[in-house]
1. Could you state the angle between the C-alpha long axis of helix 138-148 and the longest principal axis of the C-alpha atoms of the chain, as a value from 0 to 90 degrees rounded to the nearest 10?
2. Across the chain, where is the longest run that never hits GluC sites (Glu not before Pro) in a DSSP loop with at most 10 other C-beta atoms within 10 Å?
3. Against the empirical 2.2 N^0.38 Å scaling, what ratio does the C-alpha Rg of segment 254-357 come to?
4. Kindly give the semi-axes, whole Å and largest first, of the ellipsoid equivalent to segment 64-196, taking each as the square root of 5 times a Cα gyration tensor eigenvalue.
5. How big is Rg to Rh over segment 178-330, alpha-carbon atoms, Rh as the Kirkwood inverse-mean-distance radius?
6. Quick one: net charge around P299, please, counting Lys, Arg +1 and Asp, Glu -1 for every other residue with C-beta under 13 Å from its C-beta.
7. Between Q17, Q95, Q146, which gets the highest mean-square fluctuation from a Gaussian network model of the chain, Cα cutoff 10 Å?
8. Grab the DSSP H runs of the chain that are 4 residues or longer, score each as -39,500 (n - 2.57), total them, divide by all residues and round the 222 nm result to the nearest 500 deg cm²/dmol.
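Here, each number is a calculation from the coordinates, and none is a lab measurement. All figures in this text were calculated on a predicted structure; none of them were measured in a lab. As a convention, Cβ positions derive from the backbone with ideal geometry for all residues, glycine included, and neighbour counts pool all protein chains shown.
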Amino acid sequence: MIVINARFLTQELRGVQRFAEQTCLALKQMRDDVVFVAPHGIKMHESAKALEVQCIGRNSGHLWEQLDLPLYLRRQGNPLLVSLCSTAPLMYGNQIATHHDITYVRHPESYTRAFRTLYRVMTPILLMRIKALLTVSNFSKGEISQFYNYPESKIFVVPNAVSDDFQPGPPLTNKQNYLLAVSSPSAHKNFSRMIEAFLTLRTQEDLQLHIVGAASEIFSDPSLQRLASSDPRIHFLGRLSDTELIAQYQGATAFVFPSLYEGFGIPPLEAQACGCPVLAANAASIPEVLQASALYFDPLDVGHIASAMERILTDISLRQSLRRRGLNNVTRFSWEDSARRVSQRIDAVLTQPSAPELPRHTATKQAVNESIPAKSSSSKS
């Protein structure tokens with residue numbers, strides 16, 4: 001029996017939870033020896049039903065993960081545990097854990113002191129005990145290894161992907177001219193600079209900026225918030241369902257991704273899957289994930305962001321090229337492939353529990369083979 005930590009089903013659906021949910025759904029189709037356990041208080045009911053989740057314990061949140069889950073595992077004979085979000089039981093050694101990135105280290109301003117302290121304390125303890133660590137990109141693999149002095153040979157890349165629901169739509173008549181962005185309250189998402197850049201674009205009166213997320217969550221500068229809120233071209237759409245989000249991707253002239261730091265970054269892939277050209281920051285893991293399928297800009301330079309926006313808005317052939325390259329780029333990723341990588345790592349841990357640890361920064365051939373897929377040879381410009 002392999003136990004999967006399904007605590008993510010009790011949380012709000014964001015990038016980390018999406019990774020865990022979709023990987024688990026695909027893994028369920030591949031293996032008949034996996035059991036999914038979670039606290040009570042499920043929020044993602046449809047996925048929980050598909051995974052046949054067992055709700056155990058009396059606690060919730062971190063208490064459930066640190067107390068109830070280990071107690072359950074001991075009663076089951078200490079089976080292998082797989083945790084696909086960034087936390088896991090600290091005192092349980094027979095497990096594969098996941099750490100998506102170290103944004104809390106590189107951009108502490110995006111997190112509360114309590115959050116930063118929790119992760120800075122928990123992560124080294126966890127790394128000392130686990131059998132293997134999963135992460136979502138080679139960039140994050142290097143960051144985690146360097147900061148925590150953890151062997152790269154024990155870190156395995158399992159990339160994100162996009163649901164099959166994200167597809168190009170039919171040609172639109174009377175199509176609106178708008179740029180699209182998907183926000184979060186975190187400062188490192190860099191939405192303030194993106195909006196500053198947009199506000200300099202005055203030559204296209206019909207141009208709009210659609211932002212998925214609440215205006216109150218984006219700004220640390222009240223004056224910029226007032227300025228953006230008073231501009232009728234900027235529309236804050238709030239939180240959207242997947243169906244509504246897909247419609248926004250399909251109708252957008254281009255998608256803007258200005259983030260300063262990402263372990264992976266799912267929204268640009270979602271946009272590309274819907275046939276939307278992407279312009280993105282040349283930072284962190286983003287070039288690794290998007291390769292030559294995006295128009296890049298310096299996310300710290302408002303003028304450079306504005307120039308990239310202007311270029312993609314006025315160059316039809318560039319948009320068509322980026323659309324083709326984006327659709328091709330998405331094919332490098334699938335949740336089935338990601339689940340297969342997890343399954344392979346499970347088998348490796350089960351069959352080689354006492355394998356000697358290689359020196360730090362010495363990656364095994366298998367670890368190299370499990371990196372993010374290479375660019376497809378069929379890519380077109």
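1. For 138-148 against the chain, the angle is about 60 degrees.
2. 53-204
3. Compactness ratio reported: 1.36.
4. The three semi-axes for segment 64-196 are 35, 20, 15 Å.
5. 0.92
6. -2
7. It is Q146.
8. -12000 deg cm²/dmol
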